[in-house]
Amino acid sequence: MTINAQVGINTDLPNAAAALDIYGQNTVGYGGLSIPLVTESQRGLITTTPQSEGTIVFVSYTSGVRCLEVYDGLQDVWQKINCLNLDPIILYSEDFESYSSGTGINGSGDSGDYPASVSKWTLNDIYGSLASSDYVETQSGVLEINDTNGPIELDTQSINISGYSNISFSIDLSGTGELEYNPSLHSTDDTNTVNDYIDVSYSIDGGAFVTITDFNGNGTTHHTLIPYYVSGGAGSAPFFQMIP
């Protein structure tokens, strides 16, 4: 014999289309459905099989992010249904204001607080092309790059983004003086002193670096940004501009 019925909580007349019908109002007040609350590590201890499809938990991450998640038995993964809106969390920032003036590298080597008191970034003169008057140093709360005669690499420290979604970043850049780019020299533009450009790259979980190319149409298929010129009444001026 098979008996089919619906389960009703706070109601004697459960909806015929529901296996479980919870009525929110009772003689005391209103109530809701409390989904099991687990941490990310506790969620990992839940025994799941393809038959666990549709299991729902509310996951609290160490980052402060909290998400309602459902188990996808077909793909064997917990899928986020919705995460509570939080104010943006800053995982990394650098304004270069906490260092003594002249912190970085120049034609003579390391300078100022670098590297002893700098933990958030490193500098690399890739081809050792800095001449005696050249430098990449902090000046008045900015990192200033002057006539490097070759590529300079700035790497941030590793940034933990585990448990976060919708990651974004922004960089403030400006340039003055003689800036130029000759596309015909692209094949050697990492070594010659003619081309000026900026590349922004990222790596996830130790993978290969991916370069963001042609940002907002102000770069090329090879570079994030190259100089572009704005004409005025007395001539033209070259600019780098990046506004994420």
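Here's the picture: charge each Lys and Arg Cβ at +1 and each Asp and Glu Cβ at -1 in the chain, and of S100, Y202, I126 the one pushed furthest to the positive end of that dipole is Y202. Translational diffusion of segment 24-148 was estimated from the Stokes-Einstein equation, with Rh taken as the Kirkwood radius over Cα pairs; at 25 °C and 0.890 mPa s the coefficient is 125 µm²/s.
Counted by Cβ distance under 15 Å from P50, the other residues give a net charge of -3, where Lys and Arg count +1 and Asp and Glu count -1.
Site pair Q42 and Y30 shows an inter-label distance of 2.7 nm when each label is modelled 7 Å from Cα along Cα→Cβ. Only helices enter this figure: runs of n ≥ 4 DSSP H residues, each worth -39500 (n - 2.57), summed and divided by the residues of the chain, yield 0 deg cm²/dmol at 222 nm to the nearest 500.
As a rough footprinting exposure proxy, the listed residues L84, L68 were ranked by other beta carbons within 10 Å of their own, and the order from fewest upward is L84, L68. Distant-in-sequence amide contacts of H223, defined by a placed amide H-H separation under 5 Å and a gap of 5 or more residues or a different chain, comprise D214.
How high is the relative contact order of the chain, in percent, counting Cα pairs under 8 Å that sit 6 or more residues apart?
Rounded, it is 10 percent for the chain.
A Förster distance of 22 Å, applied to the separation of the beta-carbon atoms of S100 and S174, puts the FRET efficiency at 0.50. Phi angles of segment 153-164 translate, via the Karplus equation with coefficients 6.51, -1.76, 1.60 and θ = phi - 60°, into HN-Hα couplings of 10, 10, 10, 7, 5, 5, 10, 7, 10, 4, x, 10 Hz per residue; Gly and Pro are given as x.
Taking θ as phi - 60° and the Karplus parameters 6.51, -1.76 and 1.60, the scalar couplings of segment 110-118 work out to 5, 8, x, 7, 8, x, 4, 10, 10 Hz in sequence order, x denoting glycine and proline. Where the convex hull is taken over the Cα atoms of segment 77-140, what is its projected area averaged over directions, in nm²? With every direction weighted equally, the projected area is 8.1 nm². Mean projected area of the convex hull spanned by the Cα atoms of the chain, taken over all viewing directions: 24.1 nm².
Listed values for segment 30-46 are Karplus-derived 3J(HN,Hα) couplings in whole Hz (6.51 cos²θ - 1.76 cosθ + 1.60, θ = phi - 60°), namely 10, x, x, 8, 8, 6, x, 9, 9, 7, 4, 5, 5, 4, x, 8, 6, and x replaces Gly and Pro.
No lab work stands behind these numbers, since they all come straight from the coordinates. All values derive from a computational prediction rather than experimental measurement. Glycine also receives a Cβ, built like all others from the backbone with ideal geometry; neighbour counts cover every protein chain displayed.
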